[in-house]
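The values are calculated or read from the model by the stated rules, or taken from the named source; none is laboratory data. These numbers were taken from a predicted model, which means no experiment stands behind them. Glycine also receives a Cβ, built like all others from the backbone with ideal geometry; neighbour counts cover every protein chain displayed.
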Amino acid sequence: MHGHIGGAEQGTPAEYVYKLWLGNGITTVREPGCMNGVDWCVSEARRSAANTITAPRIFAYAAFGFKERTPMTRPEQAREWVREMKARGIVGMKCFGYRPDVLEAAFAELKKQGMRSACHHAQLDVARVNVLTTARWGLTSMEHWYGLPEALFDDRTVQDYPPAYNYNNEADRFGQAGRLWAQAATRGSDKYEAVIGELLKLDFTIDPTFTIYNAARDLMRARRADWHEEYTLPSLWDFYTPNRDHHGSFFFDWGTEDEVAWRGNYARWMAFVNDYKNRGGRVTVGSDSGFIYQLYGFGTIQELELLREAGFHPLEVIRSATLYGAQALGEEQRLGSIEPGKFADLVVLKENPLANLKVLYGTGHIRLGDDGKVHRVGGVEYTIKDGIVFDAKQLLADVRRMVADEKAKRHIERLPQP
Ligand SMILES: [Zn+2]
């Protein structure tokens, strides 16, 4: 539900991203933003739908007001933007916040056009438009978690920012984000219950993307994940490496205090998401990989593990990854379950992911065999999309070759370490 197709700044060709996705069993991706260009994104979605490229099915959502003409100042411009996107083949809107009157008009037009929406409520606008505001206007899914603690404030209306806070300094942005959930209404309070109740009534979808912030609570683990050496392109590794100009590479001086704050953030956030699910709320699986040491495909499997950590039963995790995703896309008639009349999308493997979600990782799971030797088991064998059978292990072998080729070109054997 949150899959960007990489791009020039990461040095990640679409083929690389698609093969990582299919190789980890992903058959459908919502592209929230189409940052490589609206027309390119729509063209990729059409080529995938026609099965002329090796790629998951793509739902193209355009980013509202992002690098588009001049800033919108009148509601009518938002309505025009939505109509133009629809005419170009876009099926939904991704937004980060905007001037409230303009943004509200966009939601009204989306509704009229039968289009869906996703919002990352960026801190720049969240004091005047939080998750409840946009949900009331018709937002269909919230991304990540920003805007939710703000909707839950009961002893303040603005986050406790330090005076020198600068959103464009990502050490500030992500460091203070890690201190945000502690400022929200506590679990079980009247405010907490009221927010859950209203979001449920609005049939709202939460797409948490727990995985993309995982490095913030355990940087060493994220940097040394099993898959990096063989599957992460050196150009993407460069992009992840601490750098003031790269989005998500904010580990300038990231230490114990930041990680501990983020662990507390996760505990509160996960509890909310699990409560929402238990009351009947729709929670989906997104990843946002390509940033912050999270790799395409692998990040999605990690998201399944994080939903499990939040309290989901493995069956609830699988439902979030399948049927709930299809519902959030408005595609449950065609996708999301194995039923007559739907697309033949299946994942085939030799292990049981309900017993251990790790067997879904392309790198598999480590197990000591009866022979006394340590083996790698699992990994998806076949990913079937629209009835077409892809050899998942072959796709991942292609990715390993792409990585090895780039290393050879750079005359390096391993990813550079500081
Ligand atoms: Zn994103």
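Does at least one position in segment 21-35 carry a residue that is among the hydrophobic types (A, V, I, L, M, F, W, C), touching a residue at least 60 places away in the same chain (Cβ under 8 Å), crowded, with 16+ Cβ neighbours inside 10 Å and away from the ligand (no atom under 16 Å from the Cβ)? Yes. The residue that is nearest to the ligand (Cβ to nearest atom), counting only those in segment 79-101 that are over 19 Å from the mean Cα position of the chain (by Cα) and within 23 Å of Y146 (Cα to Cα), is Y98.
If you check L315, L368, L295, L323 for being in contact with a helix residue (DSSP H, G or I) (Cβ under 9 Å, 6 or more places away or on another chain) and at pLDDT 95 or above, only one passes: L295. The combined condition, being of a type in the set (S, T, Y) and either in contact with a strand residue (DSSP E or B) (Cβ under 9 Å, 6 or more places away or on another chain) or free of Cβ contacts under 8 Å to residues at least 24 places away in the same chain (or both), is fulfilled by T140.
Scanning segment 1-19 for residues that are part of a helix (DSSP H, G or I), within 16 Å of the ligand (Cβ to nearest atom) and modelled with pLDDT of 95 or more gives Q10, V17. Within segment 180-208, the set of residues being among the charged types (D, E, K, R), out of contact with any strand residue (DSSP E or B) (no Cβ under 7 Å at 6 or more places or on another chain) and either crowded, with 18+ Cβ neighbours inside 10 Å or closer than 21 Å to G286 by Cα (or both) comprises D203 only. Of all residues in segment 127-149, those satisfying the criterion of being hydrophobic (A, V, I, L, M, F, W, C), out of contact with any Pro (no Cβ under 7 Å at 6 or more places or on another chain) and surrounded by 22 or more Cβ atoms within 10 Å (Cβ to Cβ) are V131, A135, L139, M142, L148. Under the condition of being more than 16 Å from the ligand (Cβ to nearest atom) and within 18 Å of the chain's Cα centre (by Cα), the residues counted in segment 111-129 number 0.
The single condition from (1) more than 30 Å from S235 (Cα to Cα); (2) outside any helix (DSSP H, G or I); (3) among the β-branched types (V, I, T) that I318 fails is (2). Among the residues of segment 150-179, those that are aliphatic (A, V, I, L, M), surrounded by 18 or more Cβ atoms within 10 Å (Cβ to Cβ) and over 17 Å from W254 (Cβ atoms) comprise A151, L152.
Say whether the condition of being away from the ligand (no atom under 16 Å from the Cβ), modelled with pLDDT of 95 or more and touching a Pro at 6+ places or on another chain (Cβ under 6 Å) is met by at least one residue in segment 261-276. Looking for residues that are away from the ligand (no atom under 16 Å from the Cβ), modelled with pLDDT of 95 or more and touching a Pro at 6+ places or on another chain (Cβ under 6 Å), one finds at least one in segment 261-276, hence yes.
Of all residue pairs spaced 6 or more apart or on separate chains, none has beta-carbon atoms under 7 Å together with a first member in segment 82-103 that is within 17 Å of E31 (Cα to Cα) and a second member that is assigned to a loop (DSSP other than H, G, I, E, B) and modelled with pLDDT under 95. So is E104 under 30 Å from E76 (Cβ atoms) and either away from the ligand (no atom under 16 Å from the Cβ) or surrounded by fewer than 22 Cβ atoms within 10 Å (Cβ to Cβ) (or both) or not? Considered against the rule, which asks whether it is under 30 Å from E76 (Cβ atoms) and either away from the ligand (no atom under 16 Å from the Cβ) or surrounded by fewer than 22 Cβ atoms within 10 Å (Cβ to Cβ) (or both), E104 comes out as yes. When segment 360-397 is filtered for residues that are assigned to a strand (DSSP E or B), of a type in the set (V, I, T) and either without any contact (Cβ under 8 Å) to a residue 40 or more places away in the chain or in contact with an Asp or Glu (Cβ under 9 Å, 6 or more places away or on another chain) (or both), the ones remaining, listed by number, are I366, V374, V377, T383, I384, V389. Scanning segment 40-58 for residues being more than 14 Å from the ligand (Cβ to nearest atom) and either in contact with a Cys (Cβ under 8 Å, 6 or more places away or on another chain) or within 25 Å of H121 (Cα to Cα) (or both) gives a total of 3.
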